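Contents: one structure, followed by commentary.
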Amino acid sequence: MKDRLQKIKKNIVNELKRTQTINQLEIVYNKYFSRKSGEFSRLIKDVKTIAMEQKPVIGKLLNDVKNEAQILYDKIKDDILQNSKFAIQNSDYDPTLPGENQKIGTLHPITRVKNDLNDAFKFLGFEIYEGPEITSEAYAFDKLNFPEDHPAREIMDTYWIAGAEKNVGKNKLCLRPHLTGGSVRYMQTHKPPFRFVYPGRAFRNEATDAGHERCFYQYEALIVNDRISLAGGKILVDTILERVFGKKVKIRMRPGFFPFVEPGFEIDMQCLNCGGNGCSVCGDGWVEMMPGGPPHPNVFKAGNIDPKKWQGFYINIGLDRLVMMKYGIDDIRLMHSGDLRFLRQF
Ligand SMILES: [Zn+2]
């Protein structure tokens, strides 16, 4: 026991003396004196195994070692603190100066508006749906009632996936040129009545300018039940715009042709820039916001839904354009530029 004690004392002293920081000092101290697992603490527990008459002697030795170690520990700690104080006093470091502000990231304006819309629609009982960004000719065009030779297939300058271009239908893969195909997937797997919104990115291979990007966000909504009317569709649009702009916004619906809706509408909102009087942003006081209308019977059929029994209403918002209108952004390319000067404004 005595030998063990002598050996441990030597180790403690050596190791304490080698420490240079408070952290190292604590580690060495705990290695020996931690109540649970310290080597010295274990030694104390072993005292009960030694002969009765030896106990007072060993007990005293244990105490001496402990006290000596404690004194050494306190002295080294003092030295370290003194040294670091000296180092601080003799350096340019001034602990009284205010700290640097940490830069905190913010949500992208598109994400903000998308989150706002999701909240509003969840409250109205809509499900939030997500679909794959890689889709096929079947879901991008065929099932949405685009005729075989329809020019929109060309207009939408789709990104075809290499190696799949020569195939047809479900084997011809592409990046989705719009979200609407995803709603056919939803219809195929859900029984009406239902209502869902569908936020996501779409991709088109076209020249970019202030109003066009190759990758952009859409926000689609579809209600299917046995009695939705055009008036119901208008309420849906009103709800979205009021949520985004924080006030009622005037809209108008004009006839427009889109293969997947029948009858189809172009939905415009009154320009917020000029209040409807006409300006350089809008021209005549109205801004084109989204196509919409009841799903075409062929789209319902593609989704395994009986068009005689069920009715619906689609809208498909260009989310980027809505965000641009809300924040007065005049170039869509800024949105995906990653430019911090732009992003820090939100
Ligand atoms: Zn205007």
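So here's what we get for this one:
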item: Cβ crowding within 10 Å averaged over residues, with 255-268, 272-285 ranked highest first; result: 255-268, 272-285
item: Dipole magnitude (debye, nearest 20) for the chain, charges at Cβ of Lys, Arg, Asp, Glu; result: 2060 debye
item: Estimated [θ] at 222 nm from DSSP helical runs (n ≥ 4, -39500 (n - 2.57)) normalised by residues in the chain, nearest 500; result: -12500 deg cm²/dmol
item: Relative contact order of segment 109-343, defined on C-alpha pairs under 8 angstrom at six or more residues apart (%); result: 21 percent
item: Furthest towards positive pole of dipole, PHE245, PHE194, SER37, structure part the chain, Cβ charges; result: SER37
item: Highest average packing first - 112-119, 170-177, 65-72, Cβ atoms within 10 Å; result: 170-177, 112-119, 65-72
item: Estimated translational D of segment 2-89 in µm²/s (Stokes, Kirkwood radius over Cα pairs; 20 °C; 1.002 mPa s); result: 152 µm²/s
item: Qualifying aspartates and glutamates (Cα of each under 13 Å from Cα of LYS85; at least 8 residues distant if same chain); result: ASP94
item: Three-way shape label, segment 39-130, alpha-carbon gyration tensor, a/c 1.5; result: oblate
item: Rounded to the nearest 20 debye, dipole of segment 134-270 from Cβ charges on Lys, Arg, Asp, Glu; result: 620 debye
item: Under 18 Å from the Cα of LYS55 - aspartates and glutamates, other chains or at least 8 residues apart; result: ASP3, ASP46, ASP64
item: Packing rank of 286-298, 237-249, 87-99, where each peptide gets the mean count of other beta carbons within 10 Å, highest leading; result: 286-298, 237-249, 87-99
item: Cα gyration tensor, segment 109-343 - rounded (a/c under 1.5), prolate or oblate; result: oblate
item: Estimated dipole of segment 236-346 in Debye, rounded to 20 [Cβ of Lys and Arg +1, of Asp and Glu -1, Cα centre]; result: 300 debye
item: Flagged links, alpha-carbon separation over 18 Å, of LYS191/LYS308; LYS10/LYS31; LYS122/LYS326; LYS7/LYS31; LYS143/LYS170; result: LYS122/LYS326
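Where a number appears in this text, it was derived from the coordinates with a stated rule and is not lab data. From a predicted model like this one, the values you see are computed outputs, not experimental measurements. Cβ atoms come from the backbone with ideal geometry, glycine included; neighbour counts cover every protein chain shown.
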